[in-house]
Amino acid sequence: TRSYNEAVLQCIKFEKELNDFDFVELENSKPELINDCLLMYADYLENEGVPEHMQRVRSSGHIYRTIAYVEHFIKFLSNTKYDIFNFKISEVGDAEVGKYYKFIDEMNQSNSTFNGRIKSLRAFYEFLISKRNYAIVNPWKKVRFRPEPTINASLSKDDFEELKTVITPTDSVIKIGNTKRNMYREWIIDLIELKVFTGRRDEELVGMTWAMVYYEDSKPLFIKSPNIKVNRAKNISREQDFEYSFI
């Protein structure tokens, strides 16, 4: 309305409606359906409705992967003829976990991807149990993680230079499932060199700006790069409190 008096009357009416409404605290809300539980979990990861002192710094990539892995399990249930729109979170037991284990085992993905799927589902259930007080067990704790051995290998400078020569648009299209993707990017060699010569993580690389380069007498001396892993581990969200790596 453009009328001040009408706006005041509507405000008073709205305030009365709010006072008469029975609110349910988010932390006491316990949806039963698995889809609704996932929506609640996604809000939690995004710090929606989480008190300031309990909020955690999480990357958008971490949130996306976590939700995507849980959604993958839900999609598997749907494709396995479960009525997913009426399926309760408490109905996931050893039988469902076993079927999904067999399914992702036959996908022949890397051990780290396999473990990532299980870790996300473990974390999902742990959230429901510890943060929302669901009286359920965590069936994903029974799944053993696969070994992820570290690879200690190095390239000589000549091998590294030769490697870059094969990064071309030629034969760069591959088929993933039913989708064809062009894996070549004109900046990929620059990115590889930046990673090699700085030693930074992928997320730190794509977050680099020219303002992070420090000069003296017009000569670049070092790059001041936020240590994302350390800052997240310590839940540091304010830029003035960041810990940095100097390259």
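The values are calculated or read from the model by the stated rules, or taken from the named source; none is laboratory data. None of the values given here were measured: they were computed from a predicted structure. With ideal geometry, Cβ positions are generated from the backbone for all residues, glycine too; neighbour counts draw on all protein chains shown. Ligands, DNA and RNA are excluded from the accessible area calculation, which covers all protein heavy atoms including side chains. Shrake-Rupley method; radii C 1.70, N 1.55, O 1.52, S 1.80 Å.
Mind telling me which of the residues Arg185, Arg146 ends up being assigned to a loop (DSSP other than H, G, I, E, B), of a type in the set (Lys, Arg) and under 26 Å from Asn115 (Cβ atoms)?
Arg146
Considering every residue within segment 107-122, establish whether at least one is closer than 28 Å to Tyr244 by Cα, of a type in the set (A, V, I, L, M) and surrounded by 14 or more Cβ atoms within 10 Å (Cβ to Cβ).
no
Given the residues Lys99, Lys142, Lys131, which is the only one that is charged (D, E, K, R) and either free of Cβ contacts under 8 Å to residues at least 24 places away in the same chain or open to solvent by less than 60 Å² (accessible area, probe 1.4 Å) (or both)?
The unique qualifying residue is Lys99.
Taking Ala68, is it part of a helix (DSSP H, G or I) and over 26 Å from Gly177 (Cβ atoms)?
No; evaluated as a whole, the condition is false for this residue.
Residues of segment 166-208 being in contact with a strand residue (DSSP E or B) (Cβ under 7 Å, 6 or more places away or on another chain), of a type outside the set (Ser, Thr, Tyr) and either closer than 25 Å to His62 by Cα or loosely packed, with under 11 Cβ neighbours inside 10 Å (or both), which ones?
Within segment 166-208, Ile174, Lys180, Arg181, Asn182, Met183, Arg200, Glu204, Met208 meet the criteria.
Quick one: would you say Ala211 is open to solvent by 60 Å² or more (accessible area, probe 1.4 Å), closer than 30 Å to Gln55 by Cα and out of contact with any helix residue (DSSP H, G or I) (no Cβ under 7 Å at 6 or more places or on another chain)?
yes
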